[in-house]
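So the structure is just underneath, and the comments pick up after that.
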Amino acid sequence: MVAVTRFDLIVLAWLLLAVAVFVALFFVTAPYGRHLRRVWGATLPARLVLLIMEAPSALVFAAFFAVGPFNGGATAWVFLVMWEAHYVHRAFVYPWTLRDARRRMPLSVAAMAIAFNAVNASLNGRWLFGLSGGYGTDWLTDPRFLCGAALFVTGFAVNRRSDETLRGLRRFGSAGYAVPLGGLYRWVSCPNYLGEIVEWLGWALATWSLPGLAFAVWTAANLAPRAHANHRWYRERFADYPAERRALIPGVW
């Protein structure tokens, strides 16, 4: 019988919280972007908010790598590169690609995101570099890692390409919205979210860990309701919005 540790219980509680958030977000849409509402309090420029809310993931995970006892092998470095490829871009590159410098986000959203990112990075970093016992180099040829890494790279590419499509819809300084076309936008309203969900499902498989699974569940819990809200928003505002397009999963939902 496998012993359940205190760390396991913390991660399981974190998973249960994700399920509760998933349900709640179908009733309360997170107030940023096209869904921004003043009732959520003070706001700051979106570029600054994105930086301060995403940076903890990059920095906390790197800190666990730096001090962990299982940080010396090739596999540990691969995990570090995978994680930082996403979060260095999200925190230190993506905010400066936004074409509308006037966009703002509530401080309340930033506070919740900072808390989530700090906990999530801590759980994943603590497991990979402190509790896992280390991953040998042979893990890099394990089918679970290979399939997970392939999903991660695919999701990362879809997410980046979809964000570029959205950015291309706007001229510099424009605050308007238009219907995105091409790529996976032919089938779903939010391929950027689909890509990110696939990315972290790949992470869960590549790390074969409970914290990795929790992250994948949290990603879906946050982004699936958001995709539903965005899809409904598009259909309400654009009379010619493609009827065959789904919210998140082609041909399904």
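Filtering E54, E84 for residues that are farther than 15 Å from W127 by Cα, of a type in the set (D, E) and free of Cβ contacts under 8 Å to residues at least 60 places away in the same chain leaves a single hit, E84. Every condition in (1) buried (at least 16 other Cβ atoms within 10 Å of the Cβ); (2) closer than 23 Å to G212 by Cβ; (3) hydrophobic (A, V, I, L, M, F, W, C) is met by V109 except one, and the failing one is (2).
Here G183 meets the list (1) touching a helix residue (DSSP H, G or I) at 6+ places or on another chain (Cβ under 7 Å); (2) in the same structural domain as L223 (by TED's automatic domain parsing); (3) surrounded by fewer than 17 Cβ atoms within 10 Å (Cβ to Cβ); (4) in contact (Cβ under 8 Å) with a residue 40 or more places away in the chain almost entirely, failing just condition (4). Of V78, V11, V49, all but one fail to be among the β-branched types (V, I, T) and either within 16 Å of the chain's Cα centre (by Cα) or surrounded by fewer than 15 Cβ atoms within 10 Å (Cβ to Cβ) (or both); the exception is V49.
Within region 66-80, one or more residues are of a type in the set (F, W, Y), outside the structural domain of G183 (by TED's automatic domain parsing), under 26 Å from V4 (Cβ atoms) and touching a residue at least 24 places away in the same chain (Cβ under 8 Å).
In the set (1) surrounded by 14 or more Cβ atoms within 10 Å (Cβ to Cβ); (2) over 14 Å from the mean Cα position of the chain (by Cα); (3) modelled with pLDDT of 95 or more; (4) of a type outside the set (V, I, T), the condition left unmet by P143 is number (1). Being within 17 Å of L59 (Cβ to Cβ) and either surrounded by 15 or more Cβ atoms within 10 Å (Cβ to Cβ) or among the β-branched types (V, I, T) (or both) is a property that holds for F129. The set of residues in region 57-101 that are of a type in the set (D, E) and at pLDDT below 95 contains only D100.
Can you confirm whether A227 is of a type in the set (A, V, I, L, M, F, W, C), crowded, with 21+ Cβ neighbours inside 10 Å and out of contact with any Leu (no Cβ under 7 Å at 6 or more places or on another chain)? So that I can check it myself, show each step before the final result.
Working: of a type in the set (A, V, I, L, M, F, W, C): yes; crowded, with 21+ Cβ neighbours inside 10 Å: yes; out of contact with any Leu (no Cβ under 7 Å at 6 or more places or on another chain): no.
No, not satisfied.
Considering (1) within 30 Å of V11 (Cβ to Cβ); (2) at pLDDT below 95, the lone condition that C190 does not fulfil carries the number (2). Scoring S174 on the criteria (1) modelled with pLDDT of 95 or more; (2) farther than 30 Å from T141 by Cβ leaves a single failure, condition (1).
The values are calculated or read from the model by the stated rules, or taken from the named source; none is laboratory data. Values in this document were obtained by computation on a predicted structure and should not be read as measured data. Cβ atoms come from the backbone with ideal geometry, glycine included; neighbour counts cover every protein chain shown.
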